[in-house]
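Taking it in order: structure first as structure tokens, then the write-up.
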Amino acid sequence: MKTIITDFNYLAAKTLDEALDLLCKHKDDDYRIIAGGQSLNTAMKHRLLTPEYILDIKGVADLDYVRFDEKEGLKIGALATHRSVELSPVVREKYEVLREMEENVASIETRNWGTLMGDLCNADPAVDPAPPLIALDAEITVSAKGEERTVPAEEFAVDFFETVVQPGEMATEIRVPPLPPNTGVHFMKYSQIHGDYALASASVLITLDAAKEQCVNARIGLGGVGVTPIRAKKAEEVLKGKKITDEVLAEAARVASEETSPISGIEASADYKRELAGTLVRRVGKEALERARRA
Ligand SMILES: Cc1cc2nc3c(=O)[nH]c(=O)nc-3n(C[C@H](O)[C@H](O)[C@H](O)COP(=O)(O)OP(=O)(O)OC[C@H]3O[C@@H](n4cnc5c(N)ncnc54)[C@H](O)[C@@H]3O)c2cc1C
């Protein structure tokens, strides 16, 4: 009788050095890293992936952390689960938008096993953490034996289910800079079922000047409306240097929706998703503005 998952060789690392050694040794082999297994197990059960080697990093305790430093900001290790990010006191205090995002990812059971990094590495175009991390100007550290590089969050995914991570490498840390004063950030996703992947999602960061009148910086991340999450740079320019009114927000929303390239699916047409992205930018931008005023 055929098993559901095809046979593979199981390798486990307990430290980052061990993981990088194993990756170096097997970089020319057909392998997959497994963290919480929430996406990988499904792909293997459906035989979309049939790797010869599985490299288990779940036991790499030195990558299981959520830390904050006033100078360097937030650091999330590759083994931090969605749930630990959601419940982190420092996330709740300093990066409320990440808690809001996490509360709508899948179910608590999936969040207890699934890592935030594994979600990014799976690279579903509608992955929830990407838009807020893009808005927050986060960077992702990618490591190989004896080497390390950092990649801006908006450049991490390169195609459908594909990231910049190369054979022999793994993603090790997410770094989110401290928020400047007078800054507000918000995130919303729209999905047909609570906890399901988004049809579209948006996160907007707005920084106001000292008088809290003019927008001095804006960043917009969008999910589900292209082959990867995207940064809506043209829409950001609409907001920068202006006093943000409803009309300015509506224009930014229109420009943002033009920056998308959604794909029609059984759940919604490309036109619907494009329209939805604009609506989300307008609503999320309004709340981010209110938060910047209160900050
Ligand atoms: C029922 C269900 C509903 C879901 N709904 C949502 C949702 O609403 N929103 C959302 O954003 N996500 C959703 N997800 C996705 C879920 O969040 C991810 O499956 C989970 O976070 C992946 O993390 P993991 O640790 O389990 O990764 P794994 O499944 O172990 O790995 C996923 C992929 O990333 C690679 N990988 C993992 N860690 C690393 C690393 N450090 N470096 C390089 N590659 C790595 C693996 O090789 C694999 O290809 C859902 C999943 C399920 C099962």
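I'm told A144 meets every condition in (1) surrounded by 16 or more Cβ atoms within 10 Å (Cβ to Cβ); (2) more than 14 Å from the ligand (Cβ to nearest atom) except one. Can you identify the failing condition by its number?
It is condition (2) that A144 fails.
How about the range 232-245: which of its residues are surrounded by fewer than 21 Cβ atoms within 10 Å (Cβ to Cβ) and either in contact (Cβ under 8 Å) with a residue 40 or more places away in the chain or farther than 17 Å from A202 by Cβ (or both)?
Selection gives K240, G241, K242, K243, T245.
Consider K14 against the criteria (1) in contact (Cβ under 8 Å) with a residue 24 or more places away in the chain; (2) farther than 30 Å from V185 by Cα; (3) surrounded by 13 or more Cβ atoms within 10 Å (Cβ to Cβ); (4) under 23 Å from the mean Cα position of the chain (by Cα): it satisfies all of them except one. Which criterion is unmet?
Going through (1) in contact (Cβ under 8 Å) with a residue 24 or more places away in the chain; (2) farther than 30 Å from V185 by Cα; (3) surrounded by 13 or more Cβ atoms within 10 Å (Cβ to Cβ); (4) under 23 Å from the mean Cα position of the chain (by Cα) one by one, K14 breaks only (4).
May I ask you to say which residue of M101, M117 is modelled with pLDDT of 95 or more, closer than 30 Å to S201 by Cα, out of contact with any helix residue (DSSP H, G or I) (no Cβ under 6 Å at 6 or more places or on another chain) and buried (at least 22 other Cβ atoms within 10 Å of the Cβ)?
One residue alone meets the criteria, M117.
When you look at A106, is it outside the structural domain of V216 (by TED's automatic domain parsing) and either surrounded by 21 or more Cβ atoms within 10 Å (Cβ to Cβ) or more than 13 Å from the ligand (Cβ to nearest atom) (or both), yes or no?
The answer is no for A106.
If I ask for residues that are out of contact with any strand residue (DSSP E or B) (no Cβ under 7 Å at 6 or more places or on another chain) and of a type in the set (S, T, N, Q), which ones from the range 245-295 would you list?
Across the range 245-295, the qualifying residues are T245, S257, S261, S264, S269, T279.
For the range 5-21, check the following and say yes or no: at least one residue is in a helix (DSSP H, G or I) and in contact with a strand residue (DSSP E or B) (Cβ under 6 Å, 6 or more places away or on another chain).
No.
Every residue in the range 114-137 that is part of a helix (DSSP H, G or I), of a type outside the set (D, E, K, R) and within 6 Å of the ligand (Cβ to nearest atom), please.
M117, G118, C121, N122
Looking at the range 49-96 only, could you name the residues that are within 15 Å of the ligand (Cβ to nearest atom) and of a type in the set (S, T, N, Q)?
T50, T81, S84
Quick one: is G36 within 9 Å of the ligand (Cβ to nearest atom) and assigned to a loop (DSSP other than H, G, I, E, B)?
yes
The values are calculated or read from the model by the stated rules, or taken from the named source; none is laboratory data. All values reported here derive from a predicted model rather than from experimental measurement. Every residue, glycine as well, gets a Cβ built from its backbone with ideal geometry; the counts of neighbours run over all protein chains shown.
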